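Rule-based calculations on the coordinates, nothing more; no lab input. In this text the structure is predicted, and so the values were computed from the model without any measurement. Cβ: placed from backbone, ideal geometry, glycine included. Neighbour counts: every protein chain shown.
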Amino acid sequence: MDMKLKDIIEGCLLGDGCIENKVDKYFYFKVSARDEKFVEWIKQLLENFNIHCWISHENKKLYSAGFYINTCSYNELLLLERKWYKKGEKRRIKIVPSDLKLTPTTLLFWYLGDGSLIRRKDDTARVPHISLATNSFSKEEVEFLKNRLKEDLGLNFYIVSNTTSTGFRKTIKTEYTLRSKVQDGTPFKFFKLIGLECPKEIANCITGSKGGSLHYFKDKWPNEEDWVRILSNVKEIGPILRKRRLELNLSQNQLGKIVGIRRENVRDVELMKRNFCAANFRKILNALNLNVFDLLKSLAS
C-alpha cells in the first residue's frame, strides 16, 4: 500500500490519535497504545517522511509516539488542528472535517486505532462483521463517515447507537458505532482495501486484554474459519468455483449430489446470482479440494 503522511495522521485522528496544545502556538500530534512496539512502528513510519518523532511513556499502561506539527516540513499539516478541532465551553472538541476523504491508508489506521472484527461465539454460520468506533463524534458526523465509506471506498456500513449513564448524576450519553453489512461482501472488500493480513511488524503487538486473555493486532484480522464465512457471501467466488469444478470434470449435478444441494444452487452461485450458506460453502471447498487462502489470492489479484 502506498501510504501518504496526511492519510496516516487522519486515520489515527479518526481513532485515538489527537492533536494537543503544548504551549501557545505549538501543537503536537500523538497516538497512544499499550504496546511500545506498535508506537515504535508508528514512529518509524513518520520518520520515513523525515519527521522528527519521539516516544514517551504516558503511564504504566500507555506509550505514545508524537511530533510537533508546527515544526515539521509539511505545510499541509499546519491546518490539521483547525480542521479537526473546535472550541467547546471548557475544552477543544475533536470533529470530523467536512472535506475529509477516506483512502485505504486512512481506513487502515482508523481500524488499527478504533476498529475490531466482531465474531459471534459458538456460531459457525454467521459472517463476522467489522466495527468502527466513533464514540467522540456526533450522530451527524457519524452519518457523514458512513456516507464517505460508501462514496469513497464502496463499503456499506450502518449506525448502531448505545446509550449509557455516566457520572455521579447518571447523565445519559448516546454513543455511536459503525458496523459493516455482511451479505453484500463488505467485510471482504474492507480487508482487500487495508490488507488481507495484519502488517507483520505489529501482528503480535498487544491491543488489550479481556477475561484474563491477551488480544493482539493480528486478532483484528480474520482467521481461516472467519474467511470461510466471509467468502461465502462474496459473489465473485462463483467463477473460481466453476473453473475448479471443470478441472475436476464434475458436472453441476454431480457436485450438487456430493454436497447434498440442488444443481440449480450450484448453477446460480457460479453465475454470481446467489451465495452459498457457510455450511454448504465449507462442503463445496472440501469437495473441490480448495484452500480458502488460495481463493483469497485469486480474488485479490
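What the table below lists for this structure:
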{"item": "Protection proxy ranking, peptides 271-279, 13-21, average beta carbon neighbours within 10 Å, highest first", "result": "13-21, 271-279"}
{"item": "Loop sites in the range 52-119: trypsin sites (Lys or Arg not before Pro), DSSP, at most 14 other Cβ within 10 Å", "result": "Lys60, Lys61, Lys90, Arg91, Lys101"}
{"item": "The range 73-178: C-alpha gyration tensor shape, a/c 1.5 cut-off, then a/b vs b/c", "result": "oblate"}
{"item": "nm² value of the averaged projected area, convex hull over the Cα atoms of the chain", "result": "18.5"}
{"item": "222 nm mean residue ellipticity, helices alone, for the chain (DSSP H n ≥ 4; -39,500 (n - 2.57); rounded to 500)", "result": "-11000 deg cm²/dmol"}
{"item": "Among 286-299, 40-53, the order from most to least packed when residues are scored by Cβ within 10 Å on average", "result": "40-53, 286-299"}
{"item": "Highest-fluctuation residue, Ser213, Ser232, Ser161 considered, GNM on the chain with Cα pairs under 10 Å", "result": "Ser213"}
{"item": "Mean separation of Cα contacts under 8 Å (6+ apart) over length of the range 21-93, as relative contact order %", "result": "30"}
{"item": "Relative contact order, percent, the range 93-208 [alpha-carbon distance under 8 Å, six or more residues apart]", "result": "25"}
{"item": "Protection proxy ranking of 132-142, 239-249 - average other beta-carbon atoms within 10 Å, highest first", "result": "132-142, 239-249"}
{"item": "Loop trypsin sites (Lys or Arg not before Pro), the range 1-35 (other Cβ atoms within 10 Å of the site Cβ: 15 or fewer; DSSP)", "result": "Lys4, Lys25"}
{"item": "C-alpha long axis of helix 104-114 to longest principal axis of the chain, angle in °", "result": "70"}
{"item": "Lys/Arg +1, Asp/Glu -1 at C-beta; the chain dipole; positive extreme among Leu117, Gly17, Leu250", "result": "Leu250"}
{"item": "Euclidean distance of C-alpha centroids, the range 279-299 and the range 78-139, integer Å", "result": "33"}
